[in-house]
Every structure is written in structure tokens, then in C-alpha cells.
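Enquirer: Pasting a structure below so you can have a look.
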Amino acid sequence: MEQITWHDKHLKSLTFGDRLSDSVANGMGSWRFIIIQTVFVIIWMGLNVIGFINHWDAYPFILLNLIFSTQAAYAAPIIMMSQNRQSKRDRIQAQEDYQTNIDAKLEIEALQKHLNSIEVEKLDKIILMLDEMKQRDIKL
């Protein structure tokens, strides 16, 4: 029988918005995004600086700044949603780890008690054998 983990439960509980914000945060937090955005900016600026006929966004690139401001205005809350969910997931994982540690501690204590009882039984048998040997020696 397959056991459902806390991680499986967490993944099943995610809404479409949750998955979307995680995807956006993963995408924007990658080297691929940084490289693509850098290439885009260089092309944008290059075309506007060397464009002899049509400058759709002449220096100081106000339209480009507006695009980045809009991107930042939407990206920041989306990334914060993803980080909040990650924090919640980390708290759940920590609680699960704590419970696992408690269960392991109880099992170890039970094993220790069992081993102690085995030791006591062995010692009782040894004492009994010594007493029997003493009784035989006294009779002889």
C-alpha cells in the first residue's frame, strides 16, 4: 500500500493560482530569464540608438522603464505569494519531521526497555545458575 506523504498532500492542495505563481517565481528567478531579459534590453536599446528613421523609444528609454516598472509591480507580489507558500510548506515539513523524531524516540525507548528486560532475564538466569552451582558444591 502506497503511503501519502505531506509533500503529496501539499501538491494536491495547490490551486491554479498557486501553481501559476510558483511557475512565475521559478521562471523569474532563473539565469535563463536574466539572460533573455538582458538580450531584450540590449536589442531594444540598440535599435533605438542606431535607428535613423524611427525611434519608438528614444533615449532615456522611458517606454522601457515603464515596461520594467509594470513587470516589477506584478512580479513582486507574485513572488511573495510563492515565498509565503514555501514558508508554509517549510513549517509543515518541520512539524512532520518533529513528529517523526518523536515517534522514533518512543520506538527507541521501547526497544531500550525491551533490551533491559532481556539483560535482567539473563542476569537472573546467571544468578540462578550460580546458586545451583553453589548448592551442588555445598552438598559435595
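Enquirer: When only Cα pairs under 8 Å and 6 or more residues apart are kept, what is the percent relative contact order across the chain?
Expert: 28 percent
Enquirer: Separate question: For the chain, what is the charge dipole size about the Cα centre, in debye to the nearest 20, if Lys and Arg each add +1 at the Cβ and Asp and Glu each add -1 at the Cβ?
Expert: 240 debye
Enquirer: A follow-up question, please. Could you line up 4, 67 from fewest to most neighbouring Cβ atoms inside 10 Å?
Expert: 4, 67
Values quoted throughout were computed directly from the atomic coordinates according to the rules given, and no laboratory measurement underlies them. Everything numeric here is computed off the predicted structure, so don't read it as measured data. As a convention, Cβ positions derive from the backbone with ideal geometry for all residues, glycine included, and neighbour counts pool all protein chains shown.
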